[in-house]
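The values are calculated or read from the model by the stated rules, or taken from the named source; none is laboratory data. On a predicted model such as this, the values are computed, not experimentally measured, just so you know. Cβ: placed from backbone, ideal geometry, glycine included. Neighbour counts: every protein chain shown. When the accessible area is computed, the model is the full protein with side chains, heavy atoms only, and any ligands, DNA or RNA have been set aside. Shrake-Rupley method; radii C 1.70, N 1.55, O 1.52, S 1.80 Å.
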Amino acid sequence: MAEEKPGKNISFMRSLCMGEIEEDVIVPFPQIKEEEKQTLKDAMSTLGPWLTPRKEDYRKWDRKGEMPTEFLQEMREMGMFGLIVPEEHGGLGFGSSAYSRFLQELSKYDGAVAITAGAHSSIGMRGLLLFGTPAQKTKYFPKLASGEMIAAFCLTEPGAGSDAAAIKSKAVLDGNEWVLSGQKLWITNGGIAQFYTVFARTEGPEGQMTAFIITRDMAGVSVGPHEDKMGLRASSTTTVSFDKVRVPKENILGQVGKGFKVAMGILNSGRTGLGGGCVGSMKRCIELATKQAKERTQFGKPIAEFGLVKQKIGHMIVDCYATESAVSMVAGLVDQGYSDYAVEAAISKVFATECLWRTADEALQTAAGNGFMCEFPYERILRDCRVNRIFEGTNDILRLFIALTAMNDAGKELKELATSLKGIFNEPIKGFGILSDYAIKQVSQATGIGSGKIAFTKIHASLQFATDIFEEGTKDLTTATSRILRKHGKDIINKQFATKRLADIMIDLFVLSCVISRVNSSIAKNGETATQPEKEILEVFSGQVRRRTKGNFSKIDNNDDELIKGLADNAFAAEKYSWDSI
Ligand SMILES: Cc1cc2nc3c(=O)[nH]c(=O)nc-3n(C[C@H](O)[C@H](O)[C@H](O)COP(=O)(O)OP(=O)(O)OC[C@H]3O[C@@H](n4cnc5c(N)ncnc54)[C@H](O)[C@@H]3O)c2cc1C
């Protein structure tokens, strides 16, 4: 993992919400480090010969809901558990970009296999990488790299899903040990793990929650039966229970009371693994659907020749390229040592998981009847990818997080703005001197006068059609943020329809900035002619962004939110749909 570097505490999106385009953060488009490329290529090249012949097995394991122990052993031998473990501890030492790219490749074969490796590295042992002490790393990394220990992340509980802070698992200090009790729910790798990153309440002046390393061999640890699931059926999901487990003090991860920060740090940093997995599955869907459409003949021609089939494939390509750009960008930010990428990571998770869902659904539609049959992989991909919008933070909660972070920042600035304006009225000369940066940016945005970074300057001239849309969208975003805040004030927390709209504008703008940066770098590398197809993707995507952003913007003041809420409230009261046609 890259260390946080000086000057790297800027968030592109948080700055954008303040009206500033921090171009240097996203341009040029990040590349996987040269020194990692060969190791990555070597590791990826082992996957095809190993996993391609097992196509039938994946289907059998899915039906049975079980991954054979012999295959888990193969995964260990093939190095699937050492991807992000530093080389000095026996792993491949992949940074975020290489890791994300590797998971992309792995996900093309089977979702359950990918999640088993992904949950280990993305969340199970990532806390050790990010917050572990040298002694903890020396003790556990070699076993985690070899897969002798598989890792799991234990946060969710029966009463604490989205509201993770509501966990009831509790740890109490007793001499040199903590005594931890509680039950964790739906833990990926729960049944096969020996290393658990566990979150429990440790109420005290330092904070409410602490992260612990707990191993399976500690007395009081037990796991429940394999859950019968809609998708990812062969991957282990179980409850994990802790009954007065005595945990040595040296097993605390991070600081006592700072467990929530540890949990969020893990989830933010691990998102590029899930994002990479989504890209891999989308590429697989595109391969399957294009072959199917060329082979299947109806009305005397391959269905690939029909406009509505082309429309599906074309949109899949745009979604996949945009997702890949956003996920690679976030991974690049992590690798370059940026510390404040939580909003961007959340955006990439929401966008990637929704694009994959759409792509898998459209691929299945292209295969139609065949798509519905379990003999073909479409229905399994669709089932497997559904949970991506649920775990590691539901997309609904992440949308709230994305927009509320922006509004929190803007709220503070608006307060300053109010103070500054008061200053202007009280002391006209001095007052202008205390105009906050935010106010200056607002003025320069409205008038085009000023020195704020309100336009791209490093993007190839031929992409101006897209930078214009982005810059226009940025104005809409900052106007929307302050308008929503002024309208709802502190009550914004209860105005989720408005919050979601703002989040959707932010999601579109971030992904657009990633696509612009990527196409720009492609032009620099390959020339304009060779980049033409990518420019066309950008043309389609920027058009979509413009239409969606304008739509979201126009609904700030003109919407049917209250009517919709009323309909829902009536349905809650009746607990049913209240109409019938007879
Ligand atoms: C297959 C699988 C594997 C998993 N693996 C792990 C794991 O390894 N480790 C782990 O700790 N957890 C794991 N989870 C748990 C997962 O992270 C949770 O399911 C997720 O956080 C959502 O919690 P919940 O299911 O309790 O939903 P709830 O929190 O009950 O939410 C239900 C619905 O209400 C919405 N909602 C909730 N609060 C709000 C709000 N304030 N505003 C608007 N909408 C709201 C949600 O978006 C959702 O649509 C896994 C889950 C599954 C299904």
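If you check Gly147, Gly182, Gly207, which single one turns out to be crowded, with 16+ Cβ neighbours inside 10 Å, within 25 Å of Met67 (Cβ to Cβ) and not aliphatic (A, V, I, L, M)? Before the answer, list the steps.
Numbers: Gly182 fails: within 25 Å of Met67 (Cβ to Cβ); Gly207 fails: within 25 Å of Met67 (Cβ to Cβ).
Checking each option against the conditions leaves just Gly147.
Scanning the stretch 151-163 for residues that are within 9 Å of the ligand (Cβ to nearest atom) and within 22 Å of Asp217 (Cβ to Cβ) yields Ala152, Phe153, Cys154, Leu155. Taking first residues from the stretch 490-503 that are closer than 10 Å to Leu400 by Cβ and partners that are within 11 Å of the ligand (Cβ to nearest atom), the Cβ contacts under 6 Å between residues at least 6 apart in sequence or on separate chains come to Thr499/Leu400; Lys500/Arg399; Ala503/Arg399.
Would you pick out the residues in the stretch 80-120 that are more than 16 Å from the ligand (Cβ to nearest atom), in contact (Cβ under 8 Å) with a residue 60 or more places away in the chain and open to solvent by 20 Å² or more (accessible area, probe 1.4 Å)? Result: Arg101, Glu105, Lys108, Tyr109.
Annotation: of all residues in the stretch 387-423 being among the charged types (D, E, K, R) and modelled with pLDDT under 80, the one that is farthest from the ligand (Cβ to nearest atom) is Lys422. When Ala166 is tested against (1) within 12 Å of the ligand (Cβ to nearest atom); (2) without any contact (Cβ under 8 Å) to a residue 40 or more places away in the chain; (3) open to solvent by 40 Å² or more (accessible area, probe 1.4 Å), just one condition goes unmet, and that condition is (3). Scanning the stretch 215-240 for residues that are over 22 Å from the mean Cα position of the chain (by Cα) and part of a strand (DSSP E or B) turns up Thr215, Val221, Ser222, Val223, Thr238, Thr239, Val240. Of the residues making up the stretch 235-244, those that are surrounded by 22 or more Cβ atoms within 10 Å (Cβ to Cβ) and within 12 Å of the ligand (Cβ to nearest atom) are Ser235, Ser236, Thr237, Thr238, Val240. Filtered by the rule that a residue be free of Cβ contacts under 8 Å to residues at least 40 places away in the same chain and either surrounded by 12 or more Cβ atoms within 10 Å (Cβ to Cβ) or more than 30 Å from Phe465 (Cα to Cα) (or both), the stretch 548-564 gives Gly551, Ser554, Asp560, Glu562, Leu563. On the given criteria, is Met230 within 12 Å of the ligand (Cβ to nearest atom), closer than 30 Å to Ala114 by Cα and not assigned by TED's automatic domain parsing to the domain that holds Asn388? Yes, satisfied. Look at (1) touching a helix residue (DSSP H, G or I) at 6+ places or on another chain (Cβ under 8 Å); (2) over 21 Å from Ala119 (Cα atoms) and you find that Gly273 fails only one, number (2). Contact map, the stretch 184-200: first residue closer than 17 Å to Gly393 by Cα, second residue among the hydroxyl-bearing types (Ser, Thr, Tyr) and near the ligand (Cβ under 9 Å from one of its atoms), Cβ cut-off under 8 Å, separation 6 or more or different chains; pairs are Lys184/Thr156; Leu185/Thr156; Trp186/Thr156; Trp186/Thr237; Ile187/Thr156; Ile187/Thr237; Thr188/Ser235; Thr188/Thr237. Scanning the stretch 77-98 for residues that are part of a helix (DSSP H, G or I) and of a type in the set (A, V, I, L, M, F, W, C) returns a single hit, Ala98.
Of the residues making up the stretch 150-163, those that are surrounded by 16 or more Cβ atoms within 10 Å (Cβ to Cβ) and assigned to a loop (DSSP other than H, G, I, E, B) number 4.
Given the criterion modelled with pLDDT under 95, open to solvent by less than 80 Å² (accessible area, probe 1.4 Å) and assigned to a helix (DSSP H, G or I), identify the matching residue among Glu36, Glu20, Glu74.
Within the list Glu36, Glu20, Glu74, the selection yields Glu36.
If the condition is being within 13 Å of the ligand (Cβ to nearest atom) and open to solvent by 10 Å² or more (accessible area, probe 1.4 Å), then the stretch 121-137 contributes only Ile123. Within the stretch 169-181, if we keep just the residues that are in contact with a strand residue (DSSP E or B) (Cβ under 9 Å, 6 or more places away or on another chain) and part of a loop (DSSP other than H, G, I, E, B), the residue that is farthest from the ligand (Cβ to nearest atom) turns out to be Asn176.
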